[in-house]
Amino acid sequence: MRSSKTRLAVLATLAALPTAAVAYTAVAPYPSTVSATTYYSSGTYHGAVDVANSRCNYWGAETGVSATVYWNVTVRTSGVVCNGNGSGNQNEALLNLGSGWSFRQWHWIKTSDSYDRTCNRCQVGNLGGTGNATGPHSHFQKDQYGTKNTSWYSSYTTKGEALDRGELMGYI
Amino acid sequence: MNRRHLPVWVSLWLSSSPCLAAGAPDASVSRAPEPRAQACSVEGLMDSIRRGLQSGSPAYQRYLRELLKESAVTLPEAALREAFERETAPVMVEHLAAALAARTDRGEGVETLRLVAKRALGDADPAVRAAATRALRRTSAEEHTGDMYQRLVRDASPEVRAEAATNLIEDNQYVYAGAHGPASDVAVAAAVASSDPAVTARILGNISTAPISAESAQRIHALVDSDDARVRAAAVTALGGVPAAQMERARQVLATRYRDETDVGVRSAILQGLARLGFSSAIPELRRLRGVDPRLTGEADAWIQALSTGLQEWSLLLREKQRVGQAH
């Protein structure tokens, strides 16, 4: 006969289903300056962090999370684009955070490293300006079902701040 | 700052860190010596870790582990490999193995990670095998080590089997967010391969099965008839989360199984599985089953009440069900 202790142990095991969210450290992908955060200079809502460096296709664009995670890499533009080629054409590395949450890294230039990969701060491309961009930069956005979240960076980085590669941008 | 006021372990570190050493102390003044830079070395970092292990500070020990992992990409690979192969103390093996795995995850090639896998599978000391296995947690090991986890879950040491199960669960959640099919398939394959019911149940009860293949779903179905109640409960829990293409069969199997099952824990897990598979459309099935086992009538009612709210997120439904359960 199975004891009630065994049954309770089974239930306790099942109750421990992993549902808690985990915080990762978001870091700069190359030496850069924060060029935009919640609002552009024009006052238009942005809701994300842009970090820029003028040396297009020179710096490797490392994935901006300091942890080993799986990146879903989407290449929409194959050529070298530094100053934009139209909204929706940005190359993207996407980190699925569960429950509809995503963390996205946009605008890099495709290289031989641009493929789905599980890694910690590895290169997925080079610094560039694919998609909706006026210059080479990286756009970091956290959203849930498309709605942007700003709390991950709002206490940790500000526009104009100089960042070294691997320096803290926020916590996602 | 007066160095005499620093904790002992901080003073030890300042005077002996392989990467940032303090200058010679001046006995005539109380001012702390200026730090001066030195090149990092594998041996120096290992000495720091050995001293850190005596500090009694878990935070300092974690710091030293991270320091070695972060340094791994710039340290000479040959020196790191030699130190790892020479080392026999499990705690030091774990630190060095974590550093070797970190090299791979930072894009330096898979050979160093495979070296750790080789030791996790083949070292004569079970404590070393367990340590090497722990070092592979939350890394890309599942993608580069073939059937390693299917072999680890059959290890003679229960400690190694438990560490392997923890790796699969944490990788599934923290590396792949429960959304990567191949990772979930690796976990299911390992759960099925294990001859330890506790390991099988722990893996299946704690991974996301949302992206699994039809083949993996079939493997889980086979475990619903296991002799071990823990395995049956975990298998029906896992079936509750299968992808859309597998849902109809899972619903039929769970509903049929509920009537044949005798264990109350497994029956409770079946109710949860049915609720998860159907959300509000599971209510008619739950009403049909609520009278089968008088011990679980309240449980079925709690699920019916929670599902009647029309919530569309499983995490919210789980929370609502818990709230309903506490309210009664």
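Hey, among B:Leu239, B:Leu223, which residue is in contact with a His (Cβ under 8 Å, 6 or more places away or on another chain) and either under 23 Å from B:Ala162 (Cβ atoms) or buried (at least 24 other Cβ atoms within 10 Å of the Cβ) (or both)? Explain how you work it out, then say what you get.
Working: B:Leu223 fails: in contact with a His (Cβ under 8 Å, 6 or more places away or on another chain).
From the options B:Leu239, B:Leu223, the qualifying one is B:Leu239.
Based on this model, can you work out whether B:Pro211 counts as touching an Asp or Glu at 6+ places or on another chain (Cβ under 9 Å) and at negative phi? Outline the logic, then answer.
Numbers: touching an Asp or Glu at 6+ places or on another chain (Cβ under 9 Å): yes; at negative phi: yes.
In short, yes.
Among the strands (runs of 3 or more DSSP E) confined wholly to region A:1-81, which include 3 or more residues that are among the hydroxyl-bearing types (Ser, Thr, Tyr), within 27 Å of A:Leu163 (Cα to Cα) and modelled with pLDDT of 95 or more?
Numbers: elements: A:25-27, A:32-36, A:49-52, A:60-62, A:69-74.
Counting at least 3 such residues, we get A:32-36.
Which ranges mark the helices (runs of 4 or more DSSP H) fully within region B:197-251 that have 1 or more residues being farther than 24 Å from B:Leu289 by Cα and within 11 Å of chain A (Cβ to nearest Cβ)? Break it down stepwise before answering.
On the way: elements: B:197-204, B:214-223, B:229-239.
Result: B:197-204.
Looking at (1) in contact (Cβ under 8 Å) with a residue 12 or more places away in the chain; (2) within 21 Å of B:Ala233 (Cα to Cα); (3) not in a helix (DSSP H, G or I), find the lone condition where B:Gln312 falls short.
So the condition that B:Gln312 fails would be (2).
Is region A:140-153 home to any residue that is within 12 Å of A:Ala28 (Cα to Cα), under 16 Å from the mean Cα position of the chain (by Cα) and assigned to a strand (DSSP E or B)?
yes
Considering only residues of region B:179-196 that are crowded, with 21+ Cβ neighbours inside 10 Å and not in a helix (DSSP H, G or I), which is farthest from the other protein chains (Cβ to nearest Cβ)?
Quick first cut of region B:179-196, residues crowded, with 21+ Cβ neighbours inside 10 Å only: B:180, B:183-184, B:186-188, B:190-191, B:194.
Restricting the remaining residues to those that are not in a helix (DSSP H, G or I) gives B:180, B:194.
Working: B:His180: 5, B:Ser194: 15 Å.
Filtering region B:179-196 for residues that are crowded, with 21+ Cβ neighbours inside 10 Å and not in a helix (DSSP H, G or I), the one farthest from the other protein chains (Cβ to nearest Cβ) comes out as B:Ser194.
So which residues in region A:105-124 are on the phi > 0 side of the Ramachandran plot and within 13 Å of another protein chain (Cβ to nearest Cβ)?
Going residue by residue through region A:105-124, those that are on the phi > 0 side of the Ramachandran plot are A:107, A:121.
Listed by number, the list holds a single entry, A:Arg121.
State which residue is farthest from the other protein chains (Cβ to nearest Cβ) when the search covers only region B:310-327 and only residues that are surrounded by 14 or more Cβ atoms within 10 Å (Cβ to Cβ) and more than 26 Å from the chain's Cα centre (by Cα).
Here the residue is B:Val324.
Looking only at residues in region B:58-97 that are under 18 Å from B:Asp47 (Cβ atoms) and within 11 Å of chain A (Cβ to nearest Cβ), which one is surrounded by the fewest Cβ atoms within 10 Å (Cβ to Cβ)?
Only one residue tops the list, namely B:Glu66.
Take the conditions modelled with pLDDT of 95 or more, surrounded by 19 or more Cβ atoms within 10 Å (Cβ to Cβ), of a type in the set (Ser, Thr, Tyr) and not in a strand (DSSP E or B) and apply them to A:Thr134. Does it pass? Explain how you work it out, then say what you get.
On the way: modelled with pLDDT of 95 or more: yes; surrounded by 19 or more Cβ atoms within 10 Å (Cβ to Cβ): no; of a type in the set (Ser, Thr, Tyr): yes; not in a strand (DSSP E or B): yes.
So A:Thr134 fails the test.
Before we move on, is B:Ser268 within 11 Å of chain A (Cβ to nearest Cβ), over 19 Å from B:Gln252 (Cα atoms) and small (Gly, Ala, Ser)?
Numbers: within 11 Å of chain A (Cβ to nearest Cβ): yes; over 19 Å from B:Gln252 (Cα atoms): no; small (Gly, Ala, Ser): yes.
Spelling it out, it is not the case that B:Ser268 is within 11 Å of chain A (Cβ to nearest Cβ), over 19 Å from B:Gln252 (Cα atoms) and small (Gly, Ala, Ser).
Working only within region B:289-309, note down all residues that are assigned to a helix (DSSP H, G or I), in contact (Cβ under 8 Å) with a residue 24 or more places away in the chain and of a type in the set (A, V, I, L, M). Explain how you work it out, then say what you get.
Initial filter on region B:289-309 (assigned to a helix (DSSP H, G or I)): B:289, B:294-307.
After this cut, where a residue has to be in contact (Cβ under 8 Å) with a residue 24 or more places away in the chain as well, the list is B:289, B:295-296, B:298-300, B:302-303, B:306-307.
Correct list: B:Leu289, B:Leu296, B:Ala300, B:Ala302, B:Ala306, B:Leu307.
Among helices (runs of 4 or more DSSP H) lying entirely in region B:94-158, which contain 3 or more residues that are among the basic types (Lys, Arg) and free of Cβ contacts under 8 Å to residues at least 40 places away in the same chain?
Numbers: elements: B:111-122, B:126-135, B:141-144, B:148-152.
Here the list reads B:111-122.
Condition (residue is in contact with a Phe, Trp or Tyr (Cβ under 6 Å, 6 or more places away or on another chain), more than 14 Å from every other protein chain (Cβ to nearest Cβ), surrounded by fewer than 19 Cβ atoms within 10 Å (Cβ to Cβ) and modelled with pLDDT under 90) applied to region B:37-45: is it met by at least one residue?
So in region B:37-45, the residues in contact with a Phe, Trp or Tyr (Cβ under 6 Å, 6 or more places away or on another chain) come out as none.
For region B:37-45, residues in contact with a Phe, Trp or Tyr (Cβ under 6 Å, 6 or more places away or on another chain), more than 14 Å from every other protein chain (Cβ to nearest Cβ), surrounded by fewer than 19 Cβ atoms within 10 Å (Cβ to Cβ) and modelled with pLDDT under 90: absent.
Taking region A:76-96, which residues are within 15 Å of the chain's Cα centre (by Cα) and surrounded by 20 or more Cβ atoms within 10 Å (Cβ to Cβ)? Break it down stepwise before answering.
Applying the first criterion (within 15 Å of the chain's Cα centre (by Cα)) to region A:76-96 yields A:90-96.
Across region A:76-96, the qualifying residues are A:Gln90, A:Asn91, A:Glu92, A:Ala93, A:Leu95.
Tell me the residue from B:Thr209, B:Thr200, B:Thr166 that is surrounded by fewer than 24 Cβ atoms within 10 Å (Cβ to Cβ) and either more than 21 Å from A:Leu94 (Cβ to Cβ) or not aliphatic (A, V, I, L, M) (or both), please. Break it down into steps so the answer makes sense when it comes.
Numbers: B:Thr209 fails: surrounded by fewer than 24 Cβ atoms within 10 Å (Cβ to Cβ); B:Thr200 fails: surrounded by fewer than 24 Cβ atoms within 10 Å (Cβ to Cβ).
Being surrounded by fewer than 24 Cβ atoms within 10 Å (Cβ to Cβ) and either more than 21 Å from A:Leu94 (Cβ to Cβ) or not aliphatic (A, V, I, L, M) (or both) holds for just one of B:Thr209, B:Thr200, B:Thr166, which is B:Thr166.
Restricting to region A:24-46, name every residue that is within 13 Å of the chain's Cα centre (by Cα) and not aromatic (Phe, Trp, Tyr). Walk me through it before giving the result.
First, pick out the residues of region A:24-46 that are within 13 Å of the chain's Cα centre (by Cα): A:24-29.
If the condition is that a residue be within 13 Å of the chain's Cα centre (by Cα) and not aromatic (Phe, Trp, Tyr), then A:Thr25, A:Ala26, A:Val27, A:Ala28, A:Pro29 are the ones that fit.
The values are calculated or read from the model by the stated rules, or taken from the named source; none is laboratory data. Model, not experiment: these values are computed from the prediction. Counting neighbours? That spans all protein chains shown, and the Cβs are built from the backbone with ideal geometry, glycine included.
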